[in-house]
Amino acid sequence: MSQSNITLRFLAEPSTVNFGGKVHGGTVMKWIDEAGYVCASAWSGSYCVTASVGHIDFIRPIAIGDLVEVEASILSTGRSSMKIKVEVRSAHPTEGSYTKTTACEIVFVALNEMREPTPVKKFVAAQF
Ligand SMILES: CC(C)(COP(=O)(O)OP(=O)(O)OC[C@H]1O[C@@H](n2cnc3c(N)ncnc32)[C@H](O)[C@@H]1OP(=O)(O)O)[C@@H](O)C(=O)NCCC(=O)NCCS
């Protein structure tokens, strides 16, 4: 596959509600980890594990029933590690204009069949 950017889209289900009636922060963190995993696996072509999760900004709450998109993009690569930027956005289904709700950086490491760190292809950012 070898792509550096992926987006997951789905509805915020009632099962994700917190005590304030919005989507639970832990659920948003799970979505971030899942999108990061797909991005890291697609880039490396290997099984990947989360090595670290950086600062998470919870900018806006997400309403139950909103459309959610979670975009993960490779920022940089090391030998076996990949730094990935993840942005979560949400929109009311009848409006369709997305607002940024959450932002985070996360590091994944690619593993081989022996479950040891394995080299990944170098990422070169596009020049504009
Ligand atoms: C991540 C892990 C594979 C690294 O293994 P390790 O034996 O420390 O391997 P290394 O020291 O060779 O490091 C491998 C790479 O991971 C990076 N790394 C290790 N720990 C890191 C951390 N806390 N934050 C960022 N990067 C880290 C290293 O910088 C190195 O990057 P590079 O190859 O691009 O230079 C190991 O710590 C691990 O399995 N952790 C548990 C992962 C896990 O269970 N995640 C949650 C569920 S998916």
### Message
Spelling out what I want: for every residue of the stretch 50-62, take phi, set θ = phi - 60°, compute 6.51 cos²θ - 1.76 cosθ + 1.60 (Karplus), and round to whole Hz; glycine and proline get x.
### Response
6, 9, 7, 10, x, 4, 10, 9, 8, 8, 9, x, 10
### Summary
Neighbour-count ranking for Cys48, Cys104 (other C-beta within 10 angstrom, fewest to most) reads Cys104, Cys48
### Query
What order do you get for Glu113, Glu34, Glu87 when you list them from fewest to most C-beta neighbours inside 10 Å?
Glu113, Glu34, Glu87
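Just from its helices, what would the mean residue ellipticity at 222 nm be for the chain, if runs of 4 or more DSSP H residues each count -39500 (n - 2.57) and the sum is divided by every residue, rounded to the nearest 500 deg cm²/dmol? Present the calculation step by step, with values, prior to reporting the outcome.
Working: 1 runs with 20 residues, N = 128.
Helix contribution divided over all residues of the chain: -5500 deg cm²/dmol.
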### Query
Which one of Ala42, Ala72, Ala51 has the biggest mean-square fluctuation once the chain is modelled by GNM with Cα springs under 10 Å?
Ala51
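If Rh is defined by the Kirkwood formula over all Cα pairs and Rg also comes from Cα, what ratio Rg/Rh do you get for the stretch 5-111?
The Rg/Rh ratio comes out at 1.00.
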### Query
Applying the Karplus parametrisation 6.51 cos²θ - 1.76 cosθ + 1.60 with θ = phi - 60° to the phi angles of the stretch 94-101, what ³J(HN,Hα) value in whole Hz is obtained for each residue in order, glycine and proline being reported as x?
7, 9, x, 9, 7, 10, 5, 10
### Query
Among Thr7, Val49, Asn18, which residue has its Cα positioned farthest towards the positive end of the charge dipole of the chain, with +1 placed on the Cβ of Lys and Arg, -1 on the Cβ of Asp and Glu, and the dipole taken about the Cα centre?
Val49
#### Entry: Under 11 Å from the Val17 label point (7 Å along Cα→beta-carbon), backbone N, the stretch 62-91
64-65
### Query
Taking the chain as a Gaussian network, Cα atoms linked when under 10 Å apart, which of Ser41, Ser90, Ser80 shows the biggest mean-square fluctuation?
Ser80
### Message
Quick check: Cα centre of the stretch 78-119 to Cα centre of the stretch 3-52, how many Å?
### Response
7 Å
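Run the numbers on the chain and let me know its relative contact order in percent, using alpha-carbon pairs under 8 Å that are six or more apart. Can you show the working numbers first?
Details: 299 pairs, mean separation 36.9, N = 128.
About 29 percent, as a whole number.
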### Query
Exposure proxy check: Met114, Met82, Met29 ranked by fewest other beta carbons within 10 Å?
Met114, Met29, Met82
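Gain in length, Leu8 to Phe128, computed as 0.36 nm per residue apart minus the alpha-carbon separation, to one decimal in nm? Intermediate values should be presented prior to the final figure.
Numbers: separation 120, 0.36 × 120 = 43.20 nm, distance 2.60 nm.
Length difference between fully extended and current span is 40.6 nm.
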#### Entry: Neighbour count of at most 14 Cβ within 10 Å plus DSSP loop: longest trypsin sites (Lys or Arg not before Pro)-free window in the chain
1-78
### Query
For the chain, modelled as a GNM with alpha-carbon contacts under 10 angstrom, which of Asp33, Asp57, Asp66 fluctuates the most?
Asp57
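Just so you know, all these numbers are worked out from the coordinates, no wet-lab data involved. All of these numbers come straight from a predicted model, not from anything done at the bench. FYI the Cβ positions are ideal-geometry reconstructions off the backbone, even for glycines, and counts take in every protein chain you see.
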